[in-house]
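A quick write-up on the structure given underneath.
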Amino acid sequence: MVAVTSPAFEANARAALVDAKLQKALGHIKDGFVQRRTAAAARLPEFDALRDLAKEIKDHTLDHLDLYLAHFERRVTESGGVVHWCRDAAEARETVLTICHAAGAKSVTKGKSMVGEEIALNDFLEKNGIEPVETDLGEYIIQLRREPPSHIIAPAIHVNKEQVAEAFRAAHTELPADRPLEEPAALLAEARAMLRRKFLAADIGITGANFLIAETGSTVIVTNEGNGDLTQMLPRVHVVLASIEKVVPTLEDVSTILRLLARSATGQEFSVYTTFSTGPRRPADLDGPEQFHVILLDNGRSAMLGTPFQEMLRCIRCGACLNHCPVYGAVGGHAYGWVYPGPMGAVLTPWLVGLDQAKHLPNASTFCGKCESVCPMRIPLPGLMRRLRERAHLERLDAPVARGALAAWSFVARRPRLYCAVAAIAARTLASLGGRAGCLRRLPLARGWMQGRDMPAPEGRTFMAQWRERAR
Amino acid sequence: MSAAREAILSRLRAVARETRAGAAAVEARLADRKPNLVPARARQPRRETIDGFRRMAIEASAVVRRIRHTDDIPDAVMAILRSENRPARLAMAPDAMLEALGWNRAMVEIRSGRAEAHDEVGLSVAFAGIAETGTLMMASGPTSPATLGFLPESHIVVLSADDVRGAYEDGWALLRARGGLPRTVNFITGPSRSADIEQKLQMGAHGPRNLHILLIDPDAAEPPGDR
Ligand code: SF4
């Protein structure tokens, strides 16, 4: 598993807030993704109706997941492919390695796969003497920098072009050292040329899957670069990494959800390449892989089924909730400390790495509700985060100070007389602290919180006191 | 790994709600394949559908050139090679219609087959066009290698106006009528691009920098030509 730094969320976030480069990079999100999504959604009058349907499709599929997966497997097998079932990350890694060994593979190209990140496949392959090459430009950049992704659809969003140039100069030592690399266009051209060689030399191509289609046994990838396609069509073997909740019933159903995916993610009408792969190459085909493997990974998903968190399994990884989240926008993805950041990560990560590790993430929210309002799959993200907060409290994972404060409050709140008395003292004290301006600039025990805000002071008498007076 | 298979499936069965519709409903849904909601823009009359395809493809940065007849293909292709300053070489899909055209083989070197690493220009025939987003639907097969659309720097695609449909669902219906899915169905909407460096959009990431669509549209109202 990728090192989990989620327990250090608070420190990570503090560091991120003063990282000037990161803050500049995060600034691109608002005028990019956010505006374009708004425009794309407004242009399709049926957008919200499609969201309702997409939710229904996934709810129905998740309720019948065993049946749809079995049907998917049957179709893959009929079309000449192989399905491998894996309970956890370790089983998935071993399965990939077995396929690599059987094919005598030395080098592997990879299309972007969040499941690949989740099972930390690259490190594992390297340790076993196989060279994994990420081919999505963003993934390639962070692979060279030896970092995890900081965004689920724009993995290198935290990196600026000077840092990319630095990484390329360090890695591509066979190129002239004095070549100009100032412009993004030059960087892209260099990556294209370097990766072309890798595509052509690879023995195995590994992609993720945005969807699996039960009706046909197809796997679907959605990209803009075309790297996923070169990854899967040039090598002899195509391996698809997919978690079990990716399945949908029919081509019609995937069409409905595809109308939401690009618009929610990048604000495009449609991504450039949407590719449906069914089995290995056919007898008279001139290109395509000779073997087709699909790895179906559970890794914690089945534990969410049948609970309120089943709703999270509708997620299509569009990234809209990250793009619209004020907390993500302030601290970026690495602060969350694992593979999935932002609101979707705050809900998912505790299930995949344990709530004890990820207990801070559900707190990394202002509950403004923006994520839920843009989620194409209508996932109630704030509600699910609240449930995780409750669970953290019940499992005594929250901080002693917070527990103490809550216990004290509940003691007082359940005793009306005591409550009135304490409230009266508090109101008077705050009123006198507020002085003539009636404004609080400082509060004991809340220095950090008050640093950025002022608060109107109470006038000195509680609501209950005023109520009693007027009732007279 | 069949132990894992049993473990996962039995877990899924164990947590399944008792109120779920069950196996019969699943089979029915898989057999029925009813389109869900198809947007109004994908349900237009024929002429609007063809023009809508063209408009959306151009918006996605494809270059659309309308021609009257398949016989016009060689001239249109040569014009593209010249305008892009390409060597007179072409990797062409081994498609009977393309092969039968009056190519001036003294002027252009044509290799029929899949694309290779050094190919600069690939020529293939679309299975269908989807108007709602200006998307080409490519079906791989012996006469339509998928590499032609990804390895070369320029991809030229012939699309007959008769094969333009409104919605993705219409494309699936066509394909099912032809006998099911090939190894690869590529939906292609414009040329390759990336915004992974500082969120600045750049064309020509790993796939083609240029996507040309030769739309065979004999009864277009305006005179044929670029864009
Ligand atoms: S939770 Fe919703 S908005 Fe966030 S990535 Fe998943 S589908 Fe997109």
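The values are calculated or read from the model by the stated rules, or taken from the named source; none is laboratory data. Note that the structure is a prediction, hence the values are computed from the model and not measured. Here the Cβ positions follow ideal geometry from the backbone for every residue, glycine too, while neighbour counts run over all protein chains shown.
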(request) Please work out if residue A:26 is more than 19 Å from residue A:216 (Cβ to Cβ) and under 20 Å from the mean Cα position of the chain (by Cα). (result) yes
(request) Answer with yes or no whether residue B:163 is within 7 Å of chain A (Cβ to nearest Cβ), acidic (Asp, Glu) and touching a Gly at 6+ places or on another chain (Cβ under 9 Å). (result) no
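Output yes when any residue across the range A:357-364 is of a type in the set (Lys, Arg) and within 16 Å of the ligand (Cβ to nearest atom), and no when none is.
As a first pass, look at the range A:357-364 and keep what is of a type in the set (Lys, Arg): A:359.
Keeping just the survivors that are within 16 Å of the ligand (Cβ to nearest atom) gives none.
No: zero hits.
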(message) Looking only at the range A:246-259, filter to residues that are over 22 Å from residue A:227 (Cα atoms) and of a type in the set (A, V, I, L, M); which one of those is farthest from the chain's Cα centre (by Cα)?
(response) A:251
(request) Taking residue A:152 as the residue in question, decide whether it is within 25 Å of residue A:86 (Cβ to Cβ) and assigned to a strand (DSSP E or B). (result) no
(message) Here are the criteria: (1) touching a strand residue (DSSP E or B) at 6+ places or on another chain (Cβ under 9 Å); (2) within 13 Å of chain A (Cβ to nearest Cβ). Tell me which single one residue B:142 does not satisfy.
(response) (1)
(request) Please work out if residue B:4 is in contact with a Gly (Cβ under 8 Å, 6 or more places away or on another chain), assigned to a helix (DSSP H, G or I) and crowded, with 16+ Cβ neighbours inside 10 Å. (result) no
(request) Give the range A:301-339 a look and list any residue that's farther than 17 Å from residue A:370 by Cα, free of Cβ contacts under 8 Å to residues at least 60 places away in the same chain and within 16 Å of the ligand (Cβ to nearest atom), or say none. (result) A:301, A:304
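Can you tell which of A:83, A:96 is touching a helix residue (DSSP H, G or I) at 6+ places or on another chain (Cβ under 6 Å) and at pLDDT 95 or above? Quick ask: steps written out before the conclusion?
Working: A:96 fails: touching a helix residue (DSSP H, G or I) at 6+ places or on another chain (Cβ under 6 Å).
Only one candidate qualifies: A:83.
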(request) Filter the range A:208-223 down to residues that are more than 15 Å from residue A:318 (Cβ to Cβ) and within 12 Å of another protein chain (Cβ to nearest Cβ), then give me how many there are. (result) 7
(message) For the range A:292-322, give me the residue count where each residue is under 23 Å from residue B:8 (Cβ atoms) and outside any loop (DSSP other than H, G, I, E, B).
(response) 17
(message) Take residue A:39 and tell me if it is in contact (Cβ under 8 Å) with a residue 12 or more places away in the chain and either more than 9 Å from chain B (Cβ to nearest Cβ) or not β-branched (Val, Ile, Thr) (or both).
(response) yes
(request) May I ask you to verify whether residue A:168 is out of contact with any strand residue (DSSP E or B) (no Cβ under 7 Å at 6 or more places or on another chain), farther than 30 Å from residue A:348 by Cβ, assigned to a helix (DSSP H, G or I) and assigned by TED's automatic domain parsing to the domain that holds residue A:245? (result) yes
(request) Tell me which of these residue A:113 doesn't satisfy, since it passes every other one: (1) of a type in the set (Gly, Ala, Ser); (2) surrounded by fewer than 20 Cβ atoms within 10 Å (Cβ to Cβ); (3) in contact with a Gly (Cβ under 6 Å, 6 or more places away or on another chain). (result) (2)
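Being of a type in the set (D, E, K, R) and touching a residue at least 24 places away in the same chain (Cβ under 8 Å) is the filter here; which residues of the range A:452-472 pass it? Break it down into steps so the answer makes sense when it comes.
Filtering the range A:452-472 for residues of a type in the set (D, E, K, R) gives A:453-454, A:459, A:461, A:468-470, A:472.
Passing the criteria: A:459, A:461.
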(message) Checking the conditions here, which among B:111, B:86, B:66 is assigned to a strand (DSSP E or B), assigned by TED's automatic domain parsing to the domain that holds residue B:137, surrounded by 13 or more Cβ atoms within 10 Å (Cβ to Cβ) and over 19 Å from the mean Cα position of the chain (by Cα)?
(response) B:111
(message) Criterion first (hydrophobic (A, V, I, L, M, F, W, C), touching a Lys or Arg at 6+ places or on another chain (Cβ under 7 Å) and crowded, with 20+ Cβ neighbours inside 10 Å) does residue A:297 satisfy it?
(response) no
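Please work out if residue A:413 is away from the ligand (no atom under 14 Å from the Cβ) and more than 30 Å from residue A:267 (Cα to Cα). Break it down stepwise before answering.
Values: away from the ligand (no atom under 14 Å from the Cβ): yes; more than 30 Å from residue A:267 (Cα to Cα): yes.
The answer is yes for residue A:413.
Could you check the range B:1-58 and list, in sequence order, the residues that are in contact with a strand residue (DSSP E or B) (Cβ under 7 Å, 6 or more places away or on another chain) and facing chain A (nearest Cβ under 10 Å)? Explain how you work it out, then say what you get.
Just the residues of the range B:1-58 that are in contact with a strand residue (DSSP E or B) (Cβ under 7 Å, 6 or more places away or on another chain), to begin with: B:1, B:4-5, B:8, B:49-50, B:53-54, B:57-58.
Result: B:1, B:4, B:5, B:8.
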(request) Could you list, in sequence order, all residues of the range A:407-424 that are in a helix (DSSP H, G or I), surrounded by 11 or more Cβ atoms within 10 Å (Cβ to Cβ) and out of contact with any Phe, Trp or Tyr (no Cβ under 7 Å at 6 or more places or on another chain)? (result) A:408, A:409, A:411, A:418, A:419, A:420, A:421, A:422, A:423, A:424
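Under 14 Å from the mean Cα position of the chain (by Cα) and either on the phi > 0 side of the Ramachandran plot or at pLDDT below 90 (or both): which single residue out of A:337, A:354 fits that description? Steps first, please.
Details: A:354 fails: under 14 Å from the mean Cα position of the chain (by Cα).
Every option except A:337 fails the conditions.
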(request) Provide a single number: the residues in the range A:437-470 that are in a loop (DSSP other than H, G, I, E, B) and of a type outside the set (A, V, I, L, M). (result) 13
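Out of A:234, A:212, which single residue is in contact with a Lys or Arg (Cβ under 9 Å, 6 or more places away or on another chain) and either of a type in the set (A, V, I, L, M, F, W, C) or crowded, with 24+ Cβ neighbours inside 10 Å (or both)? Even if it seems obvious, please write down each step before you answer.
On the way: A:234 fails: in contact with a Lys or Arg (Cβ under 9 Å, 6 or more places away or on another chain).
The unique qualifying residue is A:212.
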(message) Suppose the filter is among the β-branched types (Val, Ile, Thr) and buried (at least 22 other Cβ atoms within 10 Å of the Cβ); does residue A:34 pass it?
(response) no
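Picking from B:201, B:136, B:123, which residue would you name as being closer than 21 Å to residue A:270 by Cβ and surrounded by 24 or more Cβ atoms within 10 Å (Cβ to Cβ)? Working first, answer last.
On the way: B:201 fails: surrounded by 24 or more Cβ atoms within 10 Å (Cβ to Cβ); B:123 fails: closer than 21 Å to residue A:270 by Cβ.
Within the list B:201, B:136, B:123, the selection yields B:136.
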